[in-house]
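Visitor: Sharing a structure here in structure tokens format.
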Amino acid sequence: MSEHLIISGETKRERYEALLPQIASVVEGESDLIANMANVAAMLHETFGFWWTGFYRVVGEELVLGPFQGPMACTRIRKGRGVCGTAWAKAETQVVPDVEKFPGHIACSSASRSEIVVPVFREGVIIAVLDIDSDRLATFDQTDRSYLERVVEKLC
Ligand code: SME
């Protein structure tokens, strides 16, 4: 694999289409989940210039901060709390156009305006969530949801 990410494309769909095979090639050559989370976070972050891109891992009854790119963040989130804990509890991707309108949103950074959280399943069980924050409103839509769900499928 090239050491440099080469992603071109005008639309987000074109960028995801270019990114997916590169993520697949990185992940398929490595069995360590944390290493793969680290590279996936870096590749998404670099491609789209998000505010914060990373993973929280399920550890017992909490989500614990995992590999990420961006400013420092809260380390532990309880099930059902915030956008991340809601995605875990409901076992469903959460697309939040305006974080101020999401009851219980956890503000790790005041710059975050919109967010998407995608559960990571292994054999039907959620083992982590992918959390992405944007410093703009309404960054994420069903296109992001569908591509990011395909991205996290590659992890397990
Ligand atoms: N906003 C998240 C917390 C994690 S940070 O955004 C990195 C939430 O409400 O769960």
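Visitor: Regarding Asp141, is this residue more than 11 Å from the ligand (Cβ to nearest atom), in contact (Cβ under 8 Å) with a residue 24 or more places away in the chain and either closer than 19 Å to Met43 by Cα or not β-branched (Val, Ile, Thr) (or both)? Step through it out loud before you land on a result.
Guide: On the way: more than 11 Å from the ligand (Cβ to nearest atom): yes; in contact (Cβ under 8 Å) with a residue 24 or more places away in the chain: yes; either closer than 19 Å to Met43 by Cα or not β-branched (Val, Ile, Thr) (or both): yes.
Against the criterion (more than 11 Å from the ligand (Cβ to nearest atom), in contact (Cβ under 8 Å) with a residue 24 or more places away in the chain and either closer than 19 Å to Met43 by Cα or not β-branched (Val, Ile, Thr) (or both)), Asp141 qualifies.
Visitor: Another question, if that's okay. Using the structure shown, decide if Ala73 is near the ligand (Cβ under 10 Å from one of its atoms) and outside any loop (DSSP other than H, G, I, E, B). Quick ask: steps written out before the conclusion?
Guide: Details: near the ligand (Cβ under 10 Å from one of its atoms): yes; outside any loop (DSSP other than H, G, I, E, B): no.
Answer is no for this residue.
Visitor: Could I ask something else about it? For a quick check of your reading of the model, give me the residue pairs whose first member lies in segment 69-92 and is touching a residue at least 60 places away in the same chain (Cβ under 8 Å), whose second is open to solvent by 60 Å² or more (accessible area, probe 1.4 Å), with beta-carbon atoms closer than 8 Å and at least 6 apart or on different chains.
Guide: Short answer, once both residue conditions are applied: Gly70/Trp51.
Visitor: Another one. Which residue pairs have Cβ atoms closer than 8 Å, lie 6 or more positions apart in sequence or on different chains, and pair a first residue in segment 23-40 that is touching a residue at least 24 places away in the same chain (Cβ under 8 Å) with a second residue that is exposed (fewer than 12 other Cβ atoms within 10 Å of the Cβ) and of a type outside the set (Asp, Glu)?
Guide: Cβ pairs passing all conditions: Ser25/Met1; Val26/Met1; Gly29/Met1.
Visitor: How many residues does segment 71-94 hold that are open to solvent by 70 Å² or more (accessible area, probe 1.4 Å) and over 23 Å from Ala35 (Cβ atoms)? Give the derivation first.
Guide: Applying the first criterion (open to solvent by 70 Å² or more (accessible area, probe 1.4 Å)) to segment 71-94 yields 72, 75-76, 78-79, 81, 90, 92.
Subset that is over 23 Å from Ala35 (Cβ atoms): 78-79, 81, 90, 92.
Qualifying residue count for the region: 5.
The rows are residues; the columns are (1) under 23 Å from Ser146 (Cα atoms); (2) modelled with pLDDT of 95 or more; (3) buried (at least 20 other Cβ atoms within 10 Å of the Cβ).
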site: Pro21; (1), (2), (3): yes, yes, no
site: Ile34; (1), (2), (3): yes, yes, no
site: Leu44; (1), (2), (3): yes, yes, yes
site: Cys108; (1), (2), (3): no, no, yes
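Visitor: Being modelled with pLDDT of 95 or more, assigned to a strand (DSSP E or B), surrounded by 15 or more Cβ atoms within 10 Å (Cβ to Cβ) and away from the ligand (no atom under 12 Å from the Cβ) is the requirement here; does Phe68 meet it? If you could, list the steps in order and put the result at the bottom.
Guide: Working: modelled with pLDDT of 95 or more: yes; assigned to a strand (DSSP E or B): yes; surrounded by 15 or more Cβ atoms within 10 Å (Cβ to Cβ): yes; away from the ligand (no atom under 12 Å from the Cβ): no.
When the stated conditions are applied, Phe68 does not pass them.
The values are calculated or read from the model by the stated rules, or taken from the named source; none is laboratory data. Keep in mind that what you see is a predicted model, and the values were worked out from it rather than measured. Here Cβ is always computed from backbone atoms with ideal geometry, including for glycine, and neighbour counts include all displayed protein chains. Just the protein is used for accessible areas: all its heavy atoms, side chains included, with ligands, DNA and RNA removed. Shrake-Rupley method; radii C 1.70, N 1.55, O 1.52, S 1.80 Å.
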